[in-house]
Each structure stands twice: as structure tokens, then as C-alpha cells.
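First comes the structure, then the notes that go with it.
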Amino acid sequence: MNKSNVITDQELFFNQNSLAGKKEFTKNIFYYYANKEQIEGFNWIEDKKNILEYGCGSGTSLDIFFEARNLEEYFFYGVDIAEQAVKKAKEYYPGYTFYKIKDNKIPQIEDGTLDAAFMLHVLHHSFDHGDIFSEIYQKLKPGGKFFLSDLSSNNIFIRLGRNIFALFPAFFKNKFPDDLVVDGKIPEKYPVDYQKVAMLLRDTGFEVQEIGHGHVFFFLFGWLDRFVPLTKVKHLTSIYPKIMKLEERLLKHNLFKKQAEVFYIKSVK
Ligand SMILES: C[S@@+](CC[C@H](N)C(=O)[O-])C[C@H]1O[C@@H](n2cnc3c(N)ncnc32)[C@H](O)[C@@H]1O
């Protein structure tokens with residue numbers, strides 16, 4: 001695999017994606033369930049005030065963070081490889097500082113100055129994760145918190161979806177304008193295994209405090225909903241809490257932990 005091709009495509013995509021403007025998500029049960037791990041991570045770091053988002057894109061995750069918190073109480077830095085996305089983030093959050101970075105380095109921020117950092121869905125778009133973790137570790141104060149969450153490469157539906165996507169007709173592909181599609185294909189993603197990520201964090205010097213797993217087939221419902229919007233059918237919404245309960249039960253078993261669509265890790269410097 002040619003690393004530079006993958007990254008170039010993704011940088012281009014995230015720049016273009018940010019120009020399309022902010023997406024308005026319907027704040028329904030789907031939205032909160034899909035972002036459950038992220039919301040949980042934000043609750044964990046909310047006592048820290050000087051925070052970095054690594055791979056911030058155009059700042060969508062900040063929308064979720066500030067749904068429940070006061071803008072003025074926090075100081076944020078956001079960094080990303082996609083320059084246009086960083087510009088958009090600055091437009092949406094003019095009170096905060098955003099930098100375009102390269103080579104997984106953040107020279108703009110002094111070492112040992114941050115209280116916390118988080119990184120959401122960046123690992124499967126990037127490589128040299130050890131370098132990223134070392135950089136974040138350097139920037140944190142001792143005791144600084146680091147929350148990360150990502151797609152797991154193990155989930156069979158996600159793997160299948162990526163492999164067969166290129167074969168589908170345009171009508172189908174057009175239903176995914178907000179997903180990473182370049183020239184009608186989903187570019188190669190980097191495999192992410194939560195156990196390897198946890199090991200790498202420990203090697204960097206972090207103390208891993210908790211590893212968790214989220215949903216097993218929830219994204220499938222999300223995909224289906226683009227064609228048959230079941231979330232809009234009133235008496236069907238009662239089904240979703242039941243599915244969530246079932247998934248929570250399944251995720252207690254190792255077999256399903258491996259299949260989870262997302263994982264998260266809480267670690268401390
Ligand atoms: C799927 S988006 C997630 C954006 C944001 N974290 C969120 O959850 O809304 C992945 C982001 O990671 C950025 N990215 C990919 N590789 C990176 C790297 N090596 N360093 C910094 N950012 C990177 C991309 O440009 C993109 O904005």
C-alpha cells in the first residue's frame with residue numbers, strides 16, 4: 001500500500017468535505033447512541049479546561065462537547081492536516097485556536113502545557129500512531145487525560161461494506177455524501193486493533209485506565225435508515241432502546257468486544 005496516496009486522498013476529501021458547510025444532525029435517539037462513547041469521554045475530561053483535539057476536522061465534535069457545557073469555561077486547541085477544515089473550525093469557533101499540522105507534530109503548542117487531549121476517528125485515517133501518541137504525551141502536563149475513540153477494523157459489517165462499496169451503482173453511493181468516498185471508492189483505511197492501540201499507549205508512557213466498546217451492528221441500521229428512514233416512523237422508535245440493551249449485553253462477551261464497531265480508551269500521563 002502506498003501510504004502517501006492514502007493520506008493525500010483523505011486530506012483532499014476532508015478539505016472538500018469541510019467546504020460543504022456544517023451538517024445539521026437530527027438530535028434523535030440515533031445521534032446520541034452513535035455518539036455515546038464520545039459523550040462519555042467528554043464527561044470524563046470535562047473537569048480539565050485546557051484541551052486539545054487532535055484531528056479536529058471542522059470542529060463537529062466541539063458541537064457535541066458544548067451541547068452540555070459553557071464555551072467560556074474552556075480553552076481549546078484543534079489541530080488537523082486538512083487546512084480548509086481547520087479554517088472552517090476557526091469560523092465556527094472564533095474564540096479558540098486551530099492549526100494545520102503535518103507529520104504528526106504540533107510545534108505551535110509548548111510541551112507540558114495541556115490538561116487534556118482527545119482524538120476521535122483519526123487512527124483509521126492515519127499511520128505512525130506511536131508518533132502521534134508521543135506528540136500528545138509531550139504536550140500534556142503530568143496527570144493530563146487523553147481520551148480516544150475510533151472505528152475498530154474488526155467489525156465484519158464495516159469490512160464488508162468497504163469492500164463491496166465500489167461495486168454499487170451511483171444511486172446507492174449518492175446516499176453517502178458525508179462519508180469518505182474518493183472517485184467512487186472508499187479509500188484504503190488503516191486497520192485499527194484496540195489491543196494494539198492500548199499497548200502503544202502504554203509503550204508511550206500513558207497509564208491506560210479503561211478500555212470500552214460500543215455497538216455491534218448499529219451502523220447497519222444507520223445505513224439502512226438512509227434508504228428506509230425507520231427513525232422517522234414513530235411507533236418503531238421503541239425498538240431502538242431494545243436493540244441498544246441487547247448490544248450492551250452482547251458486548252460483555254469477548255467475542256462481541258472484538259466485533260464492536262467502535263472502541264474507546266481513557267488514559268492518563
Ligand atoms: C473522520 S474525521 C474526524 C474529525 C473529528 N475528529 C470528528 O470526530 O468530527 C478524521 C480527521 O482526521 C484528520 N487526520 C487524518 N490524519 C491525520 C494526522 N496524521 N494528523 C492530524 N489529523 C489527521 C483528517 O483530516 C480528518 O479531519
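The values are calculated or read from the model by the stated rules, or taken from the named source; none is laboratory data. The shown structure was predicted, so the numbers you read here are calculated from the model rather than taken from an experiment. Heads up, the Cβs are rebuilt from the backbone with ideal geometry, glycines too, and the neighbour counts pull from every protein chain shown.
Quick check on LEU114: is it near the ligand (Cβ under 9 Å from one of its atoms) and either modelled with pLDDT of 95 or more or closer than 19 Å to PHE42 by Cα (or both)? Please lay out each step first, then the result.
Details: near the ligand (Cβ under 9 Å from one of its atoms): no; either modelled with pLDDT of 95 or more or closer than 19 Å to PHE42 by Cα (or both): yes.
Against the criterion (near the ligand (Cβ under 9 Å from one of its atoms) and either modelled with pLDDT of 95 or more or closer than 19 Å to PHE42 by Cα (or both)), LEU114 does not qualify.
On the basis of being under 13 Å from the mean Cα position of the chain (by Cα), within 16 Å of the ligand (Cβ to nearest atom) and within 16 Å of PHE147 (Cα to Cα), does GLY59 make the cut? So GLY59 does not fit the description; no. In this structure, does ASP150 turn out to be crowded, with 19+ Cβ neighbours inside 10 Å, under 20 Å from PHE13 (Cα atoms), acidic (Asp, Glu) and within 14 Å of the ligand (Cβ to nearest atom)? The answer is yes for ASP150. Would you mind stating whether ASN155 is buried (at least 17 other Cβ atoms within 10 Å of the Cβ), away from the ligand (no atom under 13 Å from the Cβ) and not charged (D, E, K, R)? Spelling it out, ASN155 is indeed buried (at least 17 other Cβ atoms within 10 Å of the Cβ), away from the ligand (no atom under 13 Å from the Cβ) and not charged (D, E, K, R). If we scan region 181-202, do we find a residue that is surrounded by fewer than 14 Cβ atoms within 10 Å (Cβ to Cβ), touching a Lys or Arg at 6+ places or on another chain (Cβ under 6 Å) and modelled with pLDDT of 90 or more? No, that holds for no residue. Could you tell me whether region 170-178 includes any residue that is modelled with pLDDT of 75 or more, exposed (fewer than 14 other Cβ atoms within 10 Å of the Cβ) and part of a loop (DSSP other than H, G, I, E, B)? Among the residues of region 170-178, not one is modelled with pLDDT of 75 or more, exposed (fewer than 14 other Cβ atoms within 10 Å of the Cβ) and part of a loop (DSSP other than H, G, I, E, B), which makes the answer no. When GLN195 is tested against (1) over 29 Å from ASP131 (Cβ atoms); (2) without any contact (Cβ under 8 Å) to a residue 24 or more places away in the chain, just one condition goes unmet, and that condition is (1).
Could you say whether any residue in region 132-144 is modelled with pLDDT under 95 and either over 24 Å from GLU247 (Cβ atoms) or within 17 Å of the chain's Cα centre (by Cα) (or both)? The answer is no, given that none of the residues of region 132-144 is modelled with pLDDT under 95 and either over 24 Å from GLU247 (Cβ atoms) or within 17 Å of the chain's Cα centre (by Cα) (or both). Pairing residues of region 79-99 that are β-branched (Val, Ile, Thr) with residues that are assigned to a loop (DSSP other than H, G, I, E, B), at Cβ distances under 7 Å and at least 6 apart in sequence or on separate chains, gives VAL79/CYS56; VAL79/ILE101; VAL79/ILE106; ILE81/ILE101. Looking for something surrounded by fewer than 16 Cβ atoms within 10 Å (Cβ to Cβ) and among the hydrophobic types (A, V, I, L, M, F, W, C) - is there at least one such residue anywhere in region 53-64? Within region 53-64, none of the residues are surrounded by fewer than 16 Cβ atoms within 10 Å (Cβ to Cβ) and among the hydrophobic types (A, V, I, L, M, F, W, C).
Residues that are surrounded by fewer than 22 Cβ atoms within 10 Å (Cβ to Cβ), in contact with a Lys or Arg (Cβ under 7 Å, 6 or more places away or on another chain) and aliphatic (A, V, I, L, M) occur at least once in region 34-46. Among the residues of region 87-110, those that are out of contact with any strand residue (DSSP E or B) (no Cβ under 9 Å at 6 or more places or on another chain) and either more than 16 Å from the ligand (Cβ to nearest atom) or under 16 Å from TYR74 (Cα atoms) (or both) comprise TYR92, PRO94, GLU110.
So in region 118-127, with the set limited to residues that are over 13 Å from LEU201 (Cβ atoms) and in a helix (DSSP H, G or I), which one is nearest to the ligand (Cβ to nearest atom)? Only one residue fits best here, namely HIS125.
The single condition from (1) assigned to a helix (DSSP H, G or I); (2) farther than 25 Å from LYS269 by Cα; (3) more than 8 Å from the ligand (Cβ to nearest atom); (4) in contact (Cβ under 8 Å) with a residue 24 or more places away in the chain that GLY130 fails is (2). Please go through region 102-117 and give me each residue that is part of a loop (DSSP other than H, G, I, E, B) and among the charged types (D, E, K, R), ordered by number. Hits for region 102-117 are ASP103, GLU110, ASP111.
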